[in-house]
Amino acid sequence: MKKNKHEWIESVLNSMEGMQKAQPKDDLFAKIKTQIVQPEARIISLRQRNWVAIAAVFLLLFNVFAIRQYYNNPSADYEQLVQGEDSNQQLVYDYNFYE
Amino acid sequence: MKQVVEGKETAFRQLYELFSDKVYNTAISYVQNEQDAEEITQDVFVTIFRKAATFKGDSAAGTWIYRITINSSLNFIKKKKRSSLFYFGKQKLDQVDFEHPGILLENKEEAKVLFQVIQQLPEQQKTAFILSFIEQLPRQEVADIMETSLKAVESLLQRAKANLRKKLEKRYPERRKK
């Protein structure tokens, strides 16, 4: 006998009457045991990963800045070098080996 | 649960015997696929084993296990939706032809339709409906699992049924009149 709309809706809503619980396969417990003995994978959160990336970029920029500073100020080193040579000559003049 | 924390296999096995059907049945009602439900069940019991020490006993063990199952199932669904969008192959969920293995033969066709419309319910209504009508848990237990009041569960179930009726009205198969 064909059902009208209301009867059909009710039959659908009540279609779970008498249902049995679904059961997993017999070998599932063995699979669970296998997974338990494996070490737990360390999960790095997305937030942690983002902070590491930000820190890496910062370090890179800092290094670039430091290198640029080094190459932009070569004269300071040269002056130091010249001063060093002068003081060495001073030492030489103080000792007159040959009169 | 204490013996599970101590790593005693017999205790864990007993827990599995007691709850595996409930976990699997709940999972399959969400994901409507036997393979996926098995995967979720596996994940749930691994979680139970690893986090048994965190179980404080302020709720029943069953309540705690159902909560883990629901969260795992909902996360699984979200993950699957994200990956299907990524591969540009969106599966039309309302067209999945799922046959629950426990349904009586005479109800199989109607049950197929019911599971299709259950999938379209909002999360909270879906959970309340699955726990109440598929798991056949008392309303108070459903409230404990969902960490809400009995009144809220009743309201969710009313809205779920109203929603289901609306969707079923649209699906009523057209019958030719002689």
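The values are calculated or read from the model by the stated rules, or taken from the named source; none is laboratory data. All values reported here derive from a predicted model rather than from experimental measurement. Methodologically, a virtual Cβ is constructed for each residue, glycine included, from the backbone with ideal geometry; neighbour enumeration extends over all protein chains shown.
Summary table
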item: Top-ranked residue in segment B:60-83 [being surrounded by 16 or more Cβ atoms within 10 Å (Cβ to Cβ) and without any contact (Cβ under 8 Å) to a residue 40 or more places away in the chain; ranked as nearest to the other protein chains (Cβ to nearest Cβ)]; result: B:I68
item: Single residue of segment B:123-153 satisfying the filter (farther than 21 Å from B:S59 by Cα and either of a type in the set (D, E) or at pLDDT 95 or above (or both)) that is surrounded by the fewest Cβ atoms within 10 Å (Cβ to Cβ); result: B:E123
item: Candidate set from segment A:18-63 (those that are at pLDDT 90 or above and among the acidic types (D, E)); member that is farthest from B:L18 (Cα to Cα); result: A:D27
item: Positions within segment A:17-40 being assigned to a loop (DSSP other than H, G, I, E, B), facing chain B (nearest Cβ under 8 Å) and under 11 Å from B:E38 (Cβ atoms), in sequence order; result: A:A22, A:Q23, A:P24, A:K25
item: Test: B:K161 is over 23 Å from B:N71 (Cα atoms) and surrounded by fewer than 19 Cβ atoms within 10 Å (Cβ to Cβ); result: no
item: Counted residues, segment B:114-145 - those being under 21 Å from B:N75 (Cβ atoms), aliphatic (A, V, I, L, M), touching a Ser or Thr at 6+ places or on another chain (Cβ under 7 Å) and in contact (Cβ under 8 Å) with a residue 40 or more places away in the chain; result: 3
item: Hits in segment B:129-144 (condition: within 17 Å of A:K21 (Cβ to Cβ) and part of a helix (DSSP H, G or I)); result: B:F129, B:I130, B:L131, B:S132, B:F133, B:I134, B:E141, B:V142
item: Residue selected from segment A:1-16 under the condition at the interface with chain B (Cβ under 7 Å from one of its Cβ atoms) and in a loop (DSSP other than H, G, I, E, B), by the criterion modelled with the lowest pLDDT; result: A:K2
item: Helices (runs of 4 or more DSSP H) contained entirely in segment B:1-96, each with at least 1 residues that are in contact with a Phe, Trp or Tyr (Cβ under 7 Å, 6 or more places away or on another chain) and modelled with pLDDT of 80 or more; result: B:9-31, B:34-51, B:61-86
item: Selection within segment B:21-59 - among the β-branched types (V, I, T), within 11 Å of chain A (Cβ to nearest Cβ) and within 9 Å of the chain's Cα centre (by Cα); result: B:V23, B:T26, B:I28
